[in-house]
Amino acid sequence: NATTWTCWPIICTPESAAWSPDGNRVVTTDEAGEVFIWDPATGKELLQLRGHVDWVGTAIWAPDGQRVATASDDATAKIWDATTGDELLSYTGPLSAINAVWSPDSTRVLVTFDSPDPAVMWDTSTGDEIFKFREHDAKIAGAEWSDDGSLIVTSDIDGSTMVWDSSSGEVLYKIQGHAGTVELTRWSPTYDQILTASNDGTAKVWDIGDELTAAVIPNDGLGFRTGWWFPAGDRVYRSYVDGSVRVFDSETGRELLSTPTQEGVQKSRIMFRTHVSPSGEEILGVYWGGTARTWDAKTGESLWEVTRDTELYAGEWSPDGTRFALGWVDGVIQVYDARTGQELLSYNGHPLGEITWMRWSPDSSRFVTTDNFARFNIWDAATGELSLDLKSDETTYRVTAVAWSADGKRLATYRDDGVLSIRDATTGETLQSMLGQDKQVNWIDWFPAQDRIMTSDSSGEIKIWDVESGAEVASLTFPDMYMAALSPDGHQVLVTTRSGPMIIFDIWQSREELIDLAKDCCVFRDLTPEERQQFGLPPVVQAE
């Protein structure tokens, strides 16, 4: 019974609707050249962007959320102010503009056209053309930036793939190896390989260090839904439209395992998501038709399967690896033995609606669940009994992220009204509240000492908080970030980006640690008074 809205009579095609980075707005386009920005919660029209005179096939938000780029059949690409609706810049090409791709820092846009004419790199501040991608002999089918914005990979309908220096426009690598359109390109986590997938029925892994094909992964004519890297980058896995999953060695292309083809109607065979377990030992397939399956990632052995006549949205492995819990759209919670697939528990814990979060306690004795109706419960994982009904502080605000402290005694929660709280996990008492981030927090981690927590949000901002005082002690921004996770020892942060690699950053536990590191690795002189002020260091007191 969730509130819904439809942008009828606007014609919203799948390629012409996009969420803003903060999730608070939606942009849609139509065949008449109109572009609209909506409030997704109410369906209210916020802005109409007027300027195109023909079908607008693409509307893309800048990573900073301040502007929108559009590409139209009227042969123009435009940049708009997403707050006022003003047209800021316009670029006219030879034929229909097909796509616009923002750089990670929102300073440049790559525009492709429905013709062999070259794509264009465009300065989004001045409107100047920076350079054209002239090396392709055929129409460009796709383009993707590296996370740091230094590289671009493009592909065309003749089977070519190229890697470019985004500053100079120089072609660094030309890759020729497909007999059809290269539909998909993906960077490896370490940037030394590229995964390409073509309608010629093959996917290939390329070593761009020496331009040699490192692996060829046949498609067998089955088509595929997803293709991605294992976290270590040593394997790739793909899910197919016949419901199977295959894992390949990314160095040799040798198939390591293949799960069985699934029977039934098309909906039951298409995987909505595919996940690799945190240990990398198991694969979970969540099927659109209401099925969850797990396989051993080394042997391909089927571990267990769950099927219900509803959709599946939440699930998590228990920390001890022995169980897996599922939260369904109809509010049913199930707990299974991860090795045997035996159902241990099944009950309706959220009769009002969709379960959105499920997190196990560190000792695997309890788990917390949340839903879209602001319900927030802690359950006994062995019996299914309700241990605590928190109901999001009796408000209508949803909990969008939750994390247990290492000792299991406290919970850190974030509500979509911007409140970050520390709560007693036994009584539910609120121990500390603070005003959180401007954008919706999607992940929370505790430091091992349990004196600080780290939050990351949908706009790419990371914050570190002091639990006792509620004070913000550090803040970092990564515009292309999807989420950030703290290492078990609390000394590093892993940043997962939307369009590039995963990046690991060190965290120093004290000012003294940072000074010692700087002395060892980098600094060969005393800092100036200005530099000491810049890095938050106290001034040096001169001896009399």
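Here are some notes:
- Segment 339-356 residues that are closer than 12 Å to Trp304 by Cβ, paired with ones that are surrounded by fewer than 18 Cβ atoms within 10 Å (Cβ to Cβ) and small (Gly, Ala, Ser) (beta carbon under 9 Å, 6 or more apart): Arg339/Gly321; Gly341/Ser302; Leu344/Ala382; Leu344/Gly384
- Test: residue in segment 232-242 that is among the polar types (S, T, N, Q), more than 28 Å from Leu95 (Cβ to Cβ) and at pLDDT 75 or above: no
- For segment 59-94, the set of residues classified as among the β-branched types (Val, Ile, Thr) and surrounded by 15 or more Cβ atoms within 10 Å (Cβ to Cβ) consists of Ile60, Val68, Thr70, Thr76, Ile79, listed by residue number.
- No other residue among Ala425, Ala374, Ala382, Ala412 is within 25 Å of Glu311 (Cα to Cα), touching a strand residue (DSSP E or B) at 6+ places or on another chain (Cβ under 9 Å), surrounded by 20 or more Cβ atoms within 10 Å (Cβ to Cβ) and aliphatic (A, V, I, L, M) apart from Ala374.
- All positions within segment 92-137 that are among the β-branched types (Val, Ile, Thr) and closer than 20 Å to Ala75 by Cβ: Thr92, Ile98, Val101, Val109, Val111, Thr112, Val120, Thr124, Ile130
- Test: Arg308 is more than 16 Å from Ser239 (Cα to Cα), at pLDDT 80 or above, among the basic types (Lys, Arg) and surrounded by 21 or more Cβ atoms within 10 Å (Cβ to Cβ): no
- Sole exception among (1) at pLDDT 80 or above; (2) more than 21 Å from Glu129 (Cβ to Cβ); (3) over 23 Å from the mean Cα position of the chain (by Cα) for Asp165, by number: (2)
- Residues of segment 482-500 that are buried (at least 16 other Cβ atoms within 10 Å of the Cβ) and at pLDDT below 70: Tyr482, Val495, Thr496, Thr497, Ser499, Gly500.
- Scope segment 351-408; condition at positive phi, among the hydroxyl-bearing types (Ser, Thr, Tyr) and modelled with pLDDT under 85; matching residues: Ser392
- Residue in segment 332-345 that is under 24 Å from the mean Cα position of the chain (by Cα), over 24 Å from Ala374 (Cβ atoms) and aromatic (Phe, Trp, Tyr) present: no
- Only a single item in (1) surrounded by 20 or more Cβ atoms within 10 Å (Cβ to Cβ); (2) part of a loop (DSSP other than H, G, I, E, B) is not met by Tyr336, and it is number (2).
- Restricted to segment 1-41, and to residues there that are at pLDDT below 80 and not in a loop (DSSP other than H, G, I, E, B), the residue that is surrounded by the most Cβ atoms within 10 Å (Cβ to Cβ) is Ser16.
The values are calculated or read from the model by the stated rules, or taken from the named source; none is laboratory data. Quick caveat, the model's predicted, so the values are computed rather than measured. Every residue, glycine as well, gets a Cβ built from its backbone with ideal geometry; the counts of neighbours run over all protein chains shown.
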